[in-house]
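To start, the structure under review is shown below, and the notes come after it.
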Amino acid sequence: MNDELTCEWTKLIQNNMEKFKAFTEKHWSRKYRDDEDEFIYQWINEIHYYLAGYMSEDFYDTLVEFVDSLEA
């Protein structure tokens with residue numbers, strides 16, 4: 001059996017742009033306000049880092065709360 005999980009990260013970010021921007025303003029030092037393509041690119045990189053565990057353990061609660069607020 002070959003099961004795969006596919007996620008359209010760009011679509012997810014675009015559909016929740018205001019939420020991603022608010023999260024970025026609160027938790028990131030760099031904001032990427034003037035370049036939407038760069039903003040999306042940086043978020044996709046960040047998601048990969050989050051999934052790989054490149055963050056502090058206590059930040060997962062913040063991330064779970066954020067993800068729960070997103071719409072598909």
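The numbers here are math on the coordinates, done by the rules we state, and not lab data. Every value quoted in this text rests on a predicted model; they were computed, and no experiment measured them. Backbone-built Cβ (ideal geometry, glycine too); neighbour counts: all protein chains shown.
Structural descriptor for the chain: relative contact order 40 percent, calculated from alpha carbon pairs under 8 angstrom and at least 6 residues apart. Only aspartates and glutamates eight or more places from K19 in sequence, or on another chain, were considered; those with a Cα closer than 18 Å are E8, D34, D35, E36, D37, E38, E46, D61, E65, D68, E71.
Starting from region 1-63, pick out the GluC sites (Glu not before Pro) whose DSSP state is loop and whose Cβ has at most 15 other Cβ atoms within 10 Å.
Values: sites: E4, E8, E18, E25, E36, E38, E46, E57; in loops: E4, E8, E57.
For GluC sites (Glu not before Pro) across region 1-63 that sit outside H, G, I, E and B with at most 15 neighbouring Cβ atoms in 10 Å, the list reads E4, E8, E57.
Size of the chain: Rg and Dmax of its alpha carbons, in Å, are 12.8, 44. Rounded to the nearest whole Hz, the Karplus-based 3J(HN,Hα) values (6.51 cos²θ - 1.76 cosθ + 1.60, θ = phi - 60°) of region 51-56 follow the sequence 5, 7, x, 7, 7, 6, with x at glycine and proline.
Spacing of the modelled spin labels on W9 and Q42, each 7 Å from Cα toward Cβ, amounts to 1.4 nm.
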